[in-house]
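Below you'll find the structure, written out as structure tokens, and then a few comments.
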Amino acid sequence: MASQGKERSDGYWRGVTRRFLADRVAVAAAMVVFALVLLALFGPWITPADPFQASMLKRLKPIGTEGFPLGTDELGRDMLSRLMVGAKLSLFMGITPVLVAFLIGLALGILAGYAGGFINGAIMRTIDVFYAFPSVLLAIALSGALGAGIVNALLSLTIVFIPPIARVAESVTTQVRHRDYVEAARASGAAALTIVRIHVLGNVLGPIFVYATSLISVSMILASGLSFLGLGVKPPQPEWGLMLNTLRTAIYTQPWIAALPGAMIFITSISFNLLSDGLRSAMEVKQ
């Protein structure tokens, strides 16, 4: 029986891989995301110039300037180097809150969905309170209350993403807990923790993971917005949202340079969205 279950699982994942590789858009998005991750990991060691070296004599050089292929910022720092180094902090600010929220929201949602009754009501009604506020306003309000800084921005974004993930986890768990194999395991005397670990978690993890992946693009945009408002990363650290903020005065003189951080945010966000759509189709997860 165990070997048959393993064979079915292997067959399922082979099918997922085959369907994903057949989706050229999703594969292209995955390659872009992989390239961005490599840039975040190795960018500080391969930059063509010092991303912190300022020179007022070289400020706002246009794209294509000798020695500065993407020009310079308002302080004369190499834009290419700052974009490369900024990938690390930008991806960290986008992925970390979703990852932490995924773990917490998954636990809360499964607990609420499997336990039901009073526990479900207490958890879900508390989560509903956060839905009274748009995510952007909630993130700004929490960051403003906690104070500017990377840690507070990460905490604010994590709180913002826990409710939607928990709601999806609760909805999927509620459907799974009434399936025949769960009822059979419960009737056989299996412990609740064992049922959740073997029968529930394996069936709800895929849809929740796909949904969480789609939130990474939102997280990056919100994190960049907080940095743009001065509530996230602080200068002189290179981060794409902060770079947009500091370059906003240059939009009339060097608009292409001022748009570069925004272009990086757009490319990264759309890549994560397309990757999430590809995973959803490959895993045959319904909306």
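Select, from Val16, Val25, Val37, the only residue that is within 24 Å of Ala223 (Cβ to Cβ), touching a residue at least 24 places away in the same chain (Cβ under 8 Å), part of a helix (DSSP H, G or I) and of a type in the set (Val, Ile, Thr). Steps first, please.
Values: Val16 fails: within 24 Å of Ala223 (Cβ to Cβ); Val25 fails: within 24 Å of Ala223 (Cβ to Cβ).
Exactly one residue qualifies, and that residue is Val37.
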> Here is a list of conditions, (1) modelled with pLDDT under 90; (2) farther than 18 Å from Ile140 by Cβ; (3) open to solvent by 10 Å² or more (accessible area, probe 1.4 Å), and Ile195 meets all of them except one; can you say which number that is?
Replying inline: (3)
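Within region 37-45, is even one residue modelled with pLDDT of 80 or more, over 26 Å from the mean Cα position of the chain (by Cα) and farther than 18 Å from Leu275 by Cα? Can you show your working first?
From region 37-45, those modelled with pLDDT of 80 or more are 37-45; that's our starting set.
With the extra rule that they be over 26 Å from the mean Cα position of the chain (by Cα), the set shrinks to none.
No: zero hits.
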>> Given the criterion at pLDDT 90 or above, buried (at least 21 other Cβ atoms within 10 Å of the Cβ) and over 25 Å from Ile162 (Cα atoms), identify the matching residue among Met243, Met220.
In response: Met243
> If you check Tyr252 against the conditions, is it out of contact with any Asp or Glu (no Cβ under 9 Å at 6 or more places or on another chain), of a type in the set (Ser, Thr, Tyr) and assigned to a loop (DSSP other than H, G, I, E, B)?
Replying inline: yes
>> I'd like the full set of residues that are more than 27 Å from the chain's Cα centre (by Cα) and in contact (Cβ under 8 Å) with a residue 24 or more places away in the chain, limited to region 76-104.
In response: Arg77, Asp78
>> If I filter region 179-192 down to residues being surrounded by 12 or more Cβ atoms within 10 Å (Cβ to Cβ) and outside any helix (DSSP H, G or I), which single residue comes out as farthest from the chain's Cα centre (by Cα)?
In response: Ala190
>> Can you say whether Leu201 is open to solvent by 30 Å² or more (accessible area, probe 1.4 Å), closer than 30 Å to Ile95 by Cα and at pLDDT below 85, as far as the supplied structure shows?
In response: yes
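The values are calculated or read from the model by the stated rules, or taken from the named source; none is laboratory data. Keep in mind that what you see is a predicted model, and the values were worked out from it rather than measured. Methodologically, a virtual Cβ is constructed for each residue, glycine included, from the backbone with ideal geometry; neighbour enumeration extends over all protein chains shown. Each accessible area value is taken on the protein alone, full model and side chains, heavy atoms only, with ligands, DNA and RNA left out. Shrake-Rupley method; radii C 1.70, N 1.55, O 1.52, S 1.80 Å.
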